[in-house]
Amino acid sequence: MMVSGLAWMVVAGFAYVFLLGKCYFLAPYRIGWLMLIPNVVQETVERRLGLARAKQDFGLLLLVPLGLWGLAGSAVGLVGALVLGAAWAGALLVDLRWRSDFPARQLAALRGRVPLPVPRLIVSLRGPVLERMRDHYALGDWPRGTEQGFDLLVLNPGTVRPQLPLRVSVGTSCADLSVTMDERRPLSAPEPGQVLCCAFAIKAREVGSGGAVQVRVEHGDWSWERTLRIGSVPSPGSSRVRKAAITRWRFGSRAAFVWRGDHDLHDPSTFQSAEGLRIALGLAARFRMPTTVMLSARLSLVQEEHEAFCNQFGWDRRSGEIPDLARFLREEVDTSLEQEFPTRGERRLTAEIGNHCFLHYGTHAAAAPENGWLSHARMGQGRYPWLSEYPCDSFTEQRDNILKASEVIEAAIGVRPASFTIPSDVVDKDTARAVEAAGIQVGTETDATKFQKLLVFPPEHHPAGCGRLVELTRMLPRDPVNAAQVAMLKFWVGFARRNGRALVYLAHHHLVMYEGNACYNLTAELLRSVLADTEGDVYCGTLTAVGRYWRDVLSEQTRCVRVQVDGDAVSVENSGDRALRGLPVEIELAGGGRLMRLVDVPAGATLRVV
């Protein structure tokens, strides 16, 4: 009996891993943990034991039906085989769809007669929204006379040029509300990689029970429609403010998102080159998505170091092209530190340049003459010319390594990094303090364990021993090459929305293109999901933009924003030296109503919100 019970537990466990691990539709929801855990198990088996996910699935597809056959008979075994086979087929179809990155749908009315592709547009509404659901947005309770503006952003992230007009309509039948909009005629749909912004304003005109505003965007036979609901319009005299606070990301978003990619060295064969970056940054440009390139300076920007490295190992990694990489980043890429969706640089390609150390610890790129050409060298294993003293402790070596990288990057590209990430999981108790001592403002993975990056998702924080350094921890998996990994990342996007977190996504900017196009297309699927499936509830920015916002606005320790209630008004003070835009002030009225006001506050100023 005990043996039989144990056998049932094993078969049930295998079935759980196989079946629920393929329920990708659970990813956005709390119950998505049931999907995440089996995928974590399979990811761990693949990385630790080298057993590919496809082989794991095939083995489970055989073992579970055979186990059911032996425990409950042939009929149950056959049913189990059919159920598992159907689940696998469904997962493979999802994988195929997400990998395809298809840019358009055929106009249904002309299917089979005229090829007329309709681009897959993404619509996002930016404005003072309290709650975002799939069919309606709750704006709360607006006292009479309140007027607020909204931006309707329409993005074409594909490669198909539109042929049909775009129709945008915003209106209400409620007498208590009025809508003003600058543009109502048919508009030209955005070209690939372009964003159309339609501004409108809603005003609470008369005291009453509120009402709804309908927003609709149409292009061909595709449409996007949401209802904006105002719960009530109280009179100003009865709407004294009870409480006010800023608890969300910029523009009232529930979560934040950063695409980070690490560039370890110049290597055209693995697309770590100007040409490789053109492809990856071109993908970011399609979605107008900000991204941060973490650059290890020694073998990316110093030609003499690169030549010596290649000569040592007998590799031709085109050392002569390094000046072209520096010129590309300096002249063709907008390298502003703070960028946000939708990127608006004068140059088509945009990317923040972050610090990834001068000498890249923990991989073959660490080999240098000063450490005896030791591959995967770590701290304390070399006497380098950039060290301020020798011998030295780990703190001093890491600090000097980061300082040297910032110096070389600034000289070659013209920008001094404000963000940092560790090279190849090489981190110790001194890393975070060394990062801050080197003048870095925002770090990622400076104090995180692999277990935290796999299952915990630590909140934004100041690492131990640091005064102002911000840590934003990235979550696994990285560089996705199958649908299961993207589903895991979509779960973390949903987790970030529910918990107000900033998700750092790591996809190296080579996008593993030397193995195929899977990572490129699956990254496109994730970016589309972040922008389209979250109802505009995720603030997308570079690492520095997101980290500085948390430091200045949300951190209990370092914020420079103070919100104070003064009768029927709210004052927002910015004691910092940077202007702050899109601050979402959530206001609770004495009568129980709520609303949000988005405000811009100049540096050193106080704004009174009535």
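Within the set of pairs 6 or more residues apart or between chains, which connect a residue that is within 9 Å of PRO480 (Cβ to Cβ) inside region 516-531 to a residue that is open to solvent by less than 20 Å² (accessible area, probe 1.4 Å) and hydroxyl-bearing (Ser, Thr, Tyr) with Cβ atoms less than 8 Å apart? Pairs found: LEU526/TYR505.
Suppose we filter LEU374, LEU349, LEU359 for residues that are surrounded by 24 or more Cβ atoms within 10 Å (Cβ to Cβ) and out of contact with any Pro (no Cβ under 8 Å at 6 or more places or on another chain); which single one remains?
None of the others qualify; the one that does is LEU359.
In a residue-by-residue description of region 567-576, the property of being modelled with pLDDT under 95 and either outside any strand (DSSP E or B) or open to solvent by 40 Å² or more (accessible area, probe 1.4 Å) (or both) applies to at least one position.
Here's the yes/no breakdown for (1) open to solvent by less than 10 Å² (accessible area, probe 1.4 Å); (2) modelled with pLDDT under 95:
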position	(1), (2)
ARG501	no, no
ALA507	yes, no
LEU526	yes, no
VAL530	yes, no
LEU543	yes, no
LEU598	no, no
VAL610	no, yes
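Give region 206-235 a look and list any residue that's farther than 28 Å from SER169 by Cβ and either among the small types (Gly, Ala, Ser) or open to solvent by 60 Å² or more (accessible area, probe 1.4 Å) (or both), or say none. Of everything in region 206-235, just one residue is farther than 28 Å from SER169 by Cβ and either among the small types (Gly, Ala, Ser) or open to solvent by 60 Å² or more (accessible area, probe 1.4 Å) (or both), namely SER235. A single entry from ARG497, ARG559, ARG551, ARG474 fulfils the requirement of being without any contact (Cβ under 8 Å) to a residue 12 or more places away in the chain, on the phi < 0 side of the Ramachandran plot and not acidic (Asp, Glu): ARG559. For region 507-528, the condition of being in contact with a Leu (Cβ under 7 Å, 6 or more places away or on another chain) and in a strand (DSSP E or B) holds for none of the residues. For region 570-609, a residue qualifies if it is among the basic types (Lys, Arg), under 19 Å from VAL538 (Cα atoms) and more than 24 Å from the chain's Cα centre (by Cα), and exactly one does: ARG597. Exactly one residue out of SER424, SER406 is assigned to a loop (DSSP other than H, G, I, E, B), in the same structural domain as GLU305 (by the TED database), polar (S, T, N, Q) and under 28 Å from ILE279 (Cβ atoms), and it is SER424. Within the set LEU93, LEU60, the sole residue that is of a type in the set (A, V, I, L, M) and free of Cβ contacts under 8 Å to residues at least 24 places away in the same chain turns out to be LEU93. Only a single item in (1) surrounded by 17 or more Cβ atoms within 10 Å (Cβ to Cβ); (2) part of a loop (DSSP other than H, G, I, E, B) is not met by PHE309, and it is number (2).
The values are calculated or read from the model by the stated rules, or taken from the named source; none is laboratory data. Remember, it's a predicted structure, so these values are computed and weren't measured experimentally. Methodologically, a virtual Cβ is constructed for each residue, glycine included, from the backbone with ideal geometry; neighbour enumeration extends over all protein chains shown. Heavy atoms of the whole protein, side chains included, go into the accessibility calculation; ligands, DNA and RNA do not. Shrake-Rupley method; radii C 1.70, N 1.55, O 1.52, S 1.80 Å.
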